[in-house]
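Worksheet: the structure to be examined is printed underneath.
Read-outs: derived from the displayed coordinates by stated rules, not from any lab. Quantities reported herein were computed from a predicted structural model and do not represent experimental measurements. All Cβ positions, glycine included, derive from the backbone under ideal geometry; neighbour counts span all protein chains shown.
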Amino acid sequence: MVILGIDTSCDDTSIALLREGPEILSNVVSSQVELHSPFGGIVPELASRKHVELIDRIYERALSDAHAALDEIECIAVTNGPGLIGSLLVGLMFAKGLYLSTSTPMVAVNHIEAHAMSIFLEQQPVFPFIALIVSGGHTVLLLFEEPCRYRLIGSTRDDAAGEAFDKIAKYLGLGYPGGRAIEEIAAAGQPDAIPFPRPMLDENNYDFSFSGLKTAFINRVKKHGITESSRPDLLASFQEAICDVLCRKTIKAARDHGVNSIVVGGGVASNGRLRALFSEWANREKISVLLPSRDLCTDNAAMVAITGSFYAERNLFSPETVRGFSRMARG
Ligand code: KG4
Ligand code: ZN
């Protein structure tokens, strides 16, 4: 089966073609970073207008990169939430247009679930597993019992992990998005130089909170200042606090649920320190931790296509009336 994946949930217009196997035939991602970076964050109205402008061309490119034609597509998988509603609707309406004109079955895909399932593009985790999804908009823990069946067991109460990186990068004038810039500067610093708080670590739940940590960072800078030479230690310690909490709470969720397998996804999962910490924890705790390669951690439509394939296998298709949604409900 050849599946067309479409993702316009945020600021990337992405369309992919995937052959079951899986084999990624094409995975075109058009980033809007340059458009939004002068504003230090995503401007939703600009994002949706850009998707409208680009989506036809991205679709054509995805087909030509894959050397495929429309009549070879056997399933359309499209993100319908969560995300920016104006952006989501561009991809969803495009998918519905294809569906209505070709009668190709359509699957509406949850973007967060797609980040978790992106691992199946490269590896075969065993069910059940705990998925930690860390992106610019979300920090959630999901318990996957089997494909297409999962439960939200924890989420952030305020900022997402990526948002905390982005806000501190903006505060320091490092540009947008800020995760990668912070990681690069932090590489020259000591992660234990400053004992930043580990929010919600001792609480008996699987929720996160990063807003207080961001305030602790800003207060520290206001009190002691920041120089070229102190910046790496400050950022390494800030990054460590985020990664430490993410790892510990995910391991706890796995232990508490008697699960021996963890999957990590989302843009922040491309962070080298987070990847290294998870690998240390995996060895120590004798638990399997799987992460997609870095370019499949950030938003892409191949992850939507692979998620769609699991639904298609089970004949779980969506009607033309399927709607977009901006927020993920707590299960
Ligand atoms: O999954 P994604 O591409 O888009 C959303 O669905 O939000 O994630 C983007 C987020 C941004 O907040 C960005 O700063 C963060 O992922 N990010 C990183 C790194 N690369 C991207 N955070 C920390 N370290 C990185 N290397
Ligand atoms: Zn995402």
Using a 10 Å cut-off on Cβ atoms, rank the peptides 302-309, 66-73, 110-117 from the highest mean neighbour count down.
302-309, 110-117, 66-73
Helical contribution to [θ] at 222 nm, DSSP H n ≥ 4, -39,500 (n - 2.57), averaged over the chain, rounded to 500
-13000 deg cm²/dmol
Spin-label point model (7 Å from Cα, Cβ direction): what's the Ala69 to Ser103 distance in nm?
1.9
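How high is the relative contact order of the chain, given as a whole-number percent (alpha carbon pairs under 8 Å, six or more residues apart)?
Normalised by residue count, the contact order of the chain is 25 percent.
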Taking 30 Å as R0, compute the FRET efficiency from the Cβ-Cβ separation of Gln124 and Arg248 and round it to 0.05.
0.70
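Cα-based count: Lys pairs in segment 81-223 below 21 Å, eight or more positions apart or different chains? Please report the intermediate quantities before stating the final value.
Details: Lys167/Lys214; Lys167/Lys222; Lys167/Lys223; Lys170/Lys214; Lys170/Lys222; Lys170/Lys223; Lys214/Lys222; Lys214/Lys223.
So the count of such lysine pairs works out to 8.
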Extension length gain for Ser211 and Glu34 (0.36 nm per residue less Cα distance), in nm, is 61.1 nm
Rounded, prolate or oblate, given the Cα gyration tensor of segment 165-287, with a/c below 1.5 counting as rounded?
prolate
Could you tell me what percent of the DSSP beta bridges with both partners in the chain are antiparallel, to the nearest 5?
60
Once the chain is represented by equal point scatterers at the alpha-carbon sites, with solvent omitted, what log10 I(q)/I(0) does the Debye formula produce at q = 0.14 Å⁻¹?
-1.07
Inter-probe distance in nm under a simple model that places probes 7 Å from Cα toward Cβ, at His224 and Arg327
3.7
According to the square roots a ≥ b ≥ c of the eigenvalues of the Cα gyration tensor, what is the shape class of segment 1-133, taking rounded for a/c under 1.5, prolate for a/b larger than b/c otherwise, and oblate for the remainder?
oblate
From the phi angles alone, apply the Karplus equation (6.51, -1.76, 1.60; θ = phi - 60°) to segment 150-166 and give each ³J(HN,Hα) in whole Hz, x where the residue is Gly or Pro.
8, 10, 7, 10, x, 7, 7, 8, 9, 6, 6, 4, x, 5, 4, 4, 5
Take the alpha-carbon centre of segment 269-283, take the same for segment 75-152, and report the distance between them in whole Å.
24
Sorting check: for 80-86, 272-278, 3-9, 223-229, which peptide has the highest mean count of neighbouring beta carbons within 10 Å, and how do the rest follow?
3-9, 80-86, 272-278, 223-229
Checked segment 68-133 against the a/c 1.5 cut and the a/b vs b/c comparison, axes a ≥ b ≥ c from its Cα gyration tensor; verdict oblate
Read phi for every residue in segment 313-324 and hand back ³J(HN,Hα) as whole Hz from Karplus 6.51 cos²θ - 1.76 cosθ + 1.60, θ = phi - 60°, with x for Gly and Pro.
4, 9, 6, 9, 9, 10, x, 5, 8, 4, 10, x
Over segment 138-214, what per residue volume does the convex hull of the Cα atoms give, in whole Å³?
130
